[in-house]
Amino acid sequence: MNTVLSAKPPSWFRITAVILLVWNGFGVFQYLMFSLASPQQLAMQVEDEAIYNFIATVPSWVTGAFAIAVFAGLVGSTALIARKMWARSMFILSLAGVLVQHFWTLALSDYLAVAGPMAAISPIIVITVAAFEIWMAHKGIKRGWLR
């Protein structure tokens, strides 16, 4: 049933939106640390030489997908808090970036051979959260919480 229950979102929705803002803010922080670090700074942060070599050879199109994913997620989270329905579009764009990035990470690179099979957990969590963000925005639109 597609009924508008309330123009004001419930507190769980607002709290979740703030948590998603923090999540996406952390993603932007990670992107900036990754993309702005010099090779020397990166080497100091990554102790395993094989993982360092992997990170140092990430293609620019994957880094671009990473940027799209985190910045669209941050804008989408901000829009969700501001109760704007275009948050869903930003989250869809974010998920697209996440899928491109992690398709390369999990399917086209040797990341799992370098880091081990447990390294797949983080990309799976990121994909799941990105899909959840779309669901949140869709629910907000459907319930009339976003305009």
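The values are calculated or read from the model by the stated rules, or taken from the named source; none is laboratory data. The structure displayed is predicted, hence computed values, not measured ones. Cβ sites come from the backbone with ideal geometry, for glycine too, and all protein chains shown count toward neighbours.
Couple of notes before you dig in:
- Search result, residues across the range 110-147 that are part of a helix (DSSP H, G or I), of a type in the set (Phe, Trp, Tyr) and at pLDDT 90 or above: Phe132, Trp135
Yes/no per residue for (1) in contact with a Ser or Thr (Cβ under 6 Å, 6 or more places away or on another chain); (2) crowded, with 16+ Cβ neighbours inside 10 Å; (3) of a type in the set (S, T, N, Q):
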{"site": "Leu99", "(1), (2), (3)": "no, yes, no"}
{"site": "Ser109", "(1), (2), (3)": "no, yes, yes"}
{"site": "Ile124", "(1), (2), (3)": "no, no, no"}
{"site": "Ile134", "(1), (2), (3)": "no, yes, no"}
{"site": "Lys139", "(1), (2), (3)": "no, no, no"}
{"site": "Lys142", "(1), (2), (3)": "no, no, no"}
{"site": "Trp145", "(1), (2), (3)": "no, yes, no"}
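- Looking only at residues of the range 52-61 that are in contact with a helix residue (DSSP H, G or I) (Cβ under 9 Å, 6 or more places away or on another chain) and farther than 14 Å from Gln30 by Cβ, we find that the one that is modelled with the highest pLDDT is Trp61.
- Residues of the range 80-109 that are of a type in the set (A, V, I, L, M, F, W, C), free of Cβ contacts under 8 Å to residues at least 60 places away in the same chain, in a helix (DSSP H, G or I) and within 15 Å of His138 (Cα to Cα): Ala87, Met90, Phe91, Ile92, Leu93, Leu95.
- Meets criteria (surrounded by fewer than 16 Cβ atoms within 10 Å (Cβ to Cβ) and under 15 Å from the mean Cα position of the chain (by Cα)) for Thr63: yes
- Candidate set from the range 71-97 (those that are among the aromatic types (Phe, Trp, Tyr) and surrounded by fewer than 19 Cβ atoms within 10 Å (Cβ to Cβ)); member that is nearest to Asn24 (Cα to Cα): Phe71
- Scanning the range 4-42 for residues that are polar (S, T, N, Q) and under 28 Å from Gln101 (Cβ atoms) yields Thr16, Asn24, Gln30, Ser35, Ser38, Gln40, Gln41.
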